[in-house]
Amino acid sequence: GKFAVAAGDSSQVIIFALHPQTSAFERVASVRGAEAAFSCAWNRHSTEFAVSFQDGTVRVWDVRQTIGLESSSPLALLRATQQGNRNAEACRAVKFSTGGPSIDLLAFAEHLNVVNLQDARTWAEGDRQVLRMDTGAGSAGAGVNVCGIDWSPESRSLYVGLEGAGGVLEYEMDLGKR
């Protein structure tokens, strides 16, 4: 793509234009979340980017609507299922699917126990599937830290990394239902 996004321990997200001929980059816009950002990802077309935040939200912007602006409303605002639970709600990781045209999904992990799969074609709240991690380990209600997520190259599987003995879980996508 022609752009890069920088997100970190701040609510500010900065968009840079890349100039391949000179290897230079320039700041062209910035957007904000409510609290510190953790992770960012681009869709396969490099037109939309998503950022996960400490406050339990994932915000999605269309880069074409942010250029030249110092503030822009997100295309979508997705909320963690554990809103209000400060120990669990933070959205730690976000990844767009990388597969073919029938697989437009955004996965985002909450700090404890939950990974969300959102339909990236509609962004509608009802077009989300929630995966709850149940490893059978630990005391009841203690929860398991979700350390990371990633898609297989064709987006036929979603991998979820869990802290400690939780290991890595694989969720196969039922592409026939899309």
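The values are calculated or read from the model by the stated rules, or taken from the named source; none is laboratory data. Every value quoted in this text rests on a predicted model; they were computed, and no experiment measured them. Note that each Cβ is placed from the backbone with ideal geometry, even for glycine, and that neighbours are counted across all protein chains shown. Keep in mind that these areas ignore ligands, DNA and RNA; they rest on the heavy atoms of the full protein, side chains included. Shrake-Rupley method; radii C 1.70, N 1.55, O 1.52, S 1.80 Å.
Does region 77-97 include one or more residues that are among the β-branched types (Val, Ile, Thr) and in contact with a helix residue (DSSP H, G or I) (Cβ under 7 Å, 6 or more places away or on another chain)? Looking through region 77-97, none of the residues is among the β-branched types (Val, Ile, Thr) and in contact with a helix residue (DSSP H, G or I) (Cβ under 7 Å, 6 or more places away or on another chain). Would it be correct to say that Gln12 is surrounded by fewer than 15 Cβ atoms within 10 Å (Cβ to Cβ) and touching a Ser or Thr at 6+ places or on another chain (Cβ under 8 Å)? Yes, satisfied. Residue count for region 68-81 under the criterion of being in contact (Cβ under 8 Å) with a residue 24 or more places away in the chain, open to solvent by 20 Å² or more (accessible area, probe 1.4 Å) and either closer than 17 Å to Ala41 by Cβ or more than 18 Å from the chain's Cα centre (by Cα) (or both): the result is 7.
A quick yes/no check of all residues on (1) within 18 Å of Asp150 (Cα to Cα); (2) in contact with a Ser or Thr (Cβ under 7 Å, 6 or more places away or on another chain):
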{"position": "Trp61", "(1), (2)": "no, yes"}
{"position": "Ile67", "(1), (2)": "no, no"}
{"position": "Gln83", "(1), (2)": "no, no"}
{"position": "Phe96", "(1), (2)": "yes, no"}
{"position": "Asp104", "(1), (2)": "yes, yes"}
{"position": "Ala109", "(1), (2)": "yes, no"}
{"position": "Leu112", "(1), (2)": "yes, no"}
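Within region 119-137, at least one residue is without any contact (Cβ under 8 Å) to a residue 12 or more places away in the chain and touching a strand residue (DSSP E or B) at 6+ places or on another chain (Cβ under 7 Å). Under the condition of being part of a loop (DSSP other than H, G, I, E, B), under 16 Å from Trp61 (Cβ atoms) and open to solvent by 50 Å² or more (accessible area, probe 1.4 Å), the residues counted in region 17-43 number 1.
Quick grid of which residues meet (1) more than 12 Å from the chain's Cα centre (by Cα); (2) closer than 26 Å to Ala29 by Cβ:
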{"residue": "Val63", "(1), (2)": "yes, yes"}
{"residue": "Thr66", "(1), (2)": "yes, yes"}
{"residue": "Val94", "(1), (2)": "no, yes"}
{"residue": "Glu110", "(1), (2)": "no, no"}
{"residue": "Asn113", "(1), (2)": "yes, no"}
{"residue": "Arg121", "(1), (2)": "yes, yes"}
{"residue": "Met133", "(1), (2)": "yes, no"}
{"residue": "Glu154", "(1), (2)": "yes, no"}
{"residue": "Leu162", "(1), (2)": "yes, no"}
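Consider region 125-152 and keep the residues that are in a loop (DSSP other than H, G, I, E, B) and modelled with pLDDT of 90 or more. The one that is least open to solvent (accessible area, probe 1.4 Å) is Ser152.
Restricting region 48-60 to residues that are without any contact (Cβ under 8 Å) to a residue 40 or more places away in the chain and open to solvent by less than 30 Å² (accessible area, probe 1.4 Å), which is farthest from Leu117 (Cα to Cα)? Filtering region 48-60 for residues that are without any contact (Cβ under 8 Å) to a residue 40 or more places away in the chain and open to solvent by less than 30 Å² (accessible area, probe 1.4 Å), the one farthest from Leu117 (Cα to Cα) comes out as Asp55.
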